1. What are the ³J(HN,Hα) couplings of segment 139-148, residue after residue, when phi is run through the Karplus curve with 6.51, -1.76, 1.60 and θ = phi - 60°? Round to Hz, x for glycine and proline.
2. When a/c is below 1.5 the answer is rounded, else prolate if a/b is larger than b/c, else oblate, so apply that to segment 68-144 with a ≥ b ≥ c taken from the square roots of the Cα gyration tensor eigenvalues.
3. Between segment 73-112 and segment 12-68, what is the separation of their alpha carbon centroids in Å?
4. Only Lys, Arg, Asp and Glu count, each charged at its Cβ (+1, +1, -1, -1), so figure out the dipole size of segment 3-155 about its Cα centre, rounded to 20 debye.
5. Using θ = phi - 60° and the Karplus relation 6.51 cos²θ - 1.76 cosθ + 1.60, list the HN-Hα couplings for segment 70-79 in order, rounded to whole Hz, with x at every Gly or Pro.
6. Students often check this: by mean Cβ neighbours within 10 Å, which of 52-58, 98-104 ranks highest, and how do the rest follow?
7. For the peptides 14-21, 32-39, what is the packing order when you average, over each peptide's residues, the other Cβ atoms within 10 Å and list the highest mean first?
8. Mind giving me the nanometre distance, one decimal, between the label points for residue 27 and residue 114, set 7 Å out from Cα along Cα→Cβ?
Amino acid sequence: MSVDAITEIRQYLTFKLDGEVFALDVATVREVLDFTTVTKIPRTPEFMRGVINLRGSVVPVVDLRLAFGMTATEKTVSTCIIVVEVCLEGETNIMGALADSVEEVIDLEPDQIQPAPKLGTSIKADFIRGMGKRDTQFLMILDIDRVFSAEQLAGLQLPAHAAA
């Protein structure tokens, strides 16, 4: 969905990664969990931290900081896992995304959201749906399906139990 398709006030869950504020459409967020034990899976990319047991279901957990080229997420009292619904190749999957902290749920009007900046052809930023502006602060609104795109997760085999 492009910024032009946003024609009404929407709610976004804001969270921090390495001091920067990001946002996800609340419609894609299932829940926010305290950081818990993550079971590492051998031979997966570094950004794939492992899996968690979520009420009997196996849920893959990705370190968004590593996926975005930042340093690994350090466990603190504020570290959490944002459980999201992701559409991969036409199927809905449940995944966890590590975040330094969750801030709040905010409302943004369409005129508070601008298209993502064009960063040239060598930098892929198609996972940014737009830039939200709140007071003097910018926040990156993520397109969660593109963050967890098939290309990004190439080589990652999601457990069959992870599908919703």
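Please treat every number below as a calculation from the coordinates, not as lab data. Given the structure is predicted, the values throughout are model-derived calculations rather than measurements. FYI the Cβ positions are ideal-geometry reconstructions off the backbone, even for glycines, and counts take in every protein chain you see.
1. My calculation for segment 139-148 gives 9, 8, 8, 8, 9, 4, 5, 7, 4, 9 Hz in order.
2. Rounded is the answer for segment 68-144, as its axis ratio a/c remains below 1.5.
3. Between the Cα centres of segment 73-112 and segment 12-68 lies a distance of 7 Å.
4. The dipole of segment 3-155 has a size of about 520 debye.
5. 9, 6, 4, 5, 9, 6, 10, 5, 9, 4
6. Going by the mean number of other Cβ atoms within 10 Å, highest first, we get 98-104, 52-58.
7. 14-21, 32-39
8. 2.5 nm
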